[in-house]
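What follows is calculated from the coordinates using simple rules that are stated; it is not laboratory data. For clarity, every value in this text was computed on a predicted model and none was experimentally measured. Neighbour counts are summed over all protein chains in view; Cβ atoms, including those assigned to glycine, are modelled from backbone coordinates with ideal geometry.
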Ligand SMILES: Nc1ncnc2c1ncn2[C@@H]1O[C@H](COP(=O)(O)OP(=O)(O)OP(=O)(O)O)[C@@H](O)[C@H]1O
Ligand SMILES: [Mg+2]
């Protein structure tokens with residue numbers, strides 16, 4: 001009996017919480033025309049450019065996973081998050097999350113999700129923070145005991161006692177962000193989408209948010225998708241990393257895996273006397289270090305050379321800038 005219960009629990013834990021198949025989203029961008037005649041003509045036959053923001057992305061996320069979703073500016077991260085949270089409808093493909101189709105069953109779906117946009121606060125500017133929380137309690141019909149228990153816990157974890165009664169407009173960016181996070185989580189959602197929750201924050205505030213997200217995942221088993229441009233966020237919070245670039249998925253795996261793939265990669269930073277700086281990444285298995293050094297010494301005008309061990313920040317930068325090709329790394333560049 002106990003074994004059966006354990007197996008059931010285990011199978012439940014293996015369930016996919018989110019399934020995304022061949023997801024697509026295009027934006028129609030009006031083309032601006034030059035000259036009066038063209039502008040008038042354009043009024044009747046508007047021309048559009050089509051921007052493929054999300055271009056055939058598939059992945060699954062298991063219950064209780066915390067996944068870092070990264071990529072350069074404009075890669076399609078926020079667009080994907082908006083489709084996963086039901087704010088935007090996809091142009092193609094399928095999304096199933098918590099057993100529902102987000103944009104079709106939005107009313108039912110939002111009861112179990114939380115969304116935090118670091119770039120856009122959802123709090124009421126004029127109300128004291130605590131009243132915004134009360135509003136959430138009303139909107140989500142959160143039972144009193146649950147609301148009070150969550151509020152007490154979150155205020156303590158995020159160190160918010162001092163500013164809870166202040167109007168939102170008087171709060172600092174980091175305080176507001178913490179407020180936004182609490183507002184989005186008071187109803188104990190099963191899935192939380194964080195879109196750049198640490199943007200513009202100092203190291204202390206970032207750390208508080210990371211610890212909080214980790215707590216929610218480990219202790220409350222919340223499934224989390226987290227987008228950021230800060231690799232420390234990813235290293236400290238996420239088990240798994242999905243990288244997207246130009247609307248396509250280019251990596252899906254663990255952080256240690258990506259580090260292992262690149263363990264044989266070294267980068268050399270060359271500083272020239274005229275001030276130019278060059279970073280070269282190469283695979284030591286294919287081009288031994290002495291060969292690289294000999295080639296460099298043959299050049300003139302070099303002021304300084306430093307060898308950079310691949311750190312996650314550097315690896316990701318190299319991937320974004322095309323210096324490292326995924327998934328195979330042969331040769332680097
Ligand atoms: N409402 C919109 N109308 C037209 N184009 C849009 C709209 N929203 C996003 N885009 C375009 O779609 C692409 C993907 O944008 P998205 O916001 O998803 O990127 P992102 O990965 O979140 O970038 P960032 O790291 O800068 O937040 C970009 O080229 C962007 O300019
Ligand atoms: Mg974004």
Report summary line: Checked segment 262-320 against the a/c 1.5 cut and the a/b vs b/c comparison, axes a ≥ b ≥ c from its Cα gyration tensor; verdict oblate
Report summary line: With T = 37 °C, eta = 0.692 mPa s and Kirkwood Rh from C-alpha pairs, the Stokes-Einstein D of segment 233-282 in µm²/s is about 245 µm²/s
Requested in this report: Report the extension gain between residue 277 and residue 302 in nm, rounded to one decimal, defined as 0.36 nm multiplied by the number of residues separating them, less their alpha carbon distance.
Outcome: 8.0 nm
Query raised in the report: Volume per residue, Å³, of the convex hull around the alpha-carbon atoms of segment 15-257?
Result: 157 Å³
Query raised in the report: Which value at 222 nm does the chain reach when only helices count, each DSSP H run of 4 or more adding -39,500 (n - 2.57), with the total divided by all residues and rounded to the nearest 500 deg cm²/dmol?
Result: -11000 deg cm²/dmol
Report summary line: Nearest 10, in degrees from 0 to 90: the angle of helix 2-14 to the longest Cα principal axis of the chain is 60 degrees
**Report entry** Candidates 224, 209, 268, ranked by Gaussian network fluctuation over the chain, Cα under 10 Å, top entry
**Finding:** 268
Query - Within the chain, percent of DSSP bridges classed antiparallel, to nearest 5 - result: 70 percent
Report task. Mind pulling the angle between the C-alpha long axis of helix 173-185 and the longest principal axis of the chain? Nearest 10 degrees, somewhere in 0 to 90. Result -> 60 degrees
Report summary line: Residues 229, 187 in order from fewest to most other beta-carbon atoms within 10 Å are 229, 187
Requested in this report: Please give the contour-minus-distance gain from residue 204 to residue 112: 0.36 nm per residue of separation, less the Cα-Cα distance, rounded to one decimal in nm.
Outcome: 30.2 nm
Query raised in the report: So, in nm, how far is label residue 131 from label residue 40 when the simple model puts each one 7 Å beyond its Cα toward the Cβ?
Result: 5.3 nm
Report summary line: Expressed as a whole-number percentage, the relative contact order of the chain with C-alpha contacts under 8 angstrom and at least six residues apart is 18 percent
Query raised in the report: If one takes the longest principal axis of the Cα atoms in the chain, at what angle in degrees, from 0 to 90 and to the nearest 10, does the Cα axis of helix 129-139 lie?
Result: 70 degrees
Query raised in the report: Going by how many other Cβ atoms sit within 10 Å of their own, how do 155, 305 line up, fewest first?
Result: 305, 155
Report task. Compare 193, 297, 282 in a GNM of the chain, Cα atoms joined below 10 Å, and give the one with the largest fluctuation. Result -> 297
Report summary line: For 36, 289, 17, ascending order of other Cβ atoms within 10 Å (fewest first) is 36, 289, 17
Query - Theoretical gain in end-to-end length, residue 239 to residue 259 [0.36 nm per residue, Cα-Cα removed] - result: 5.9 nm
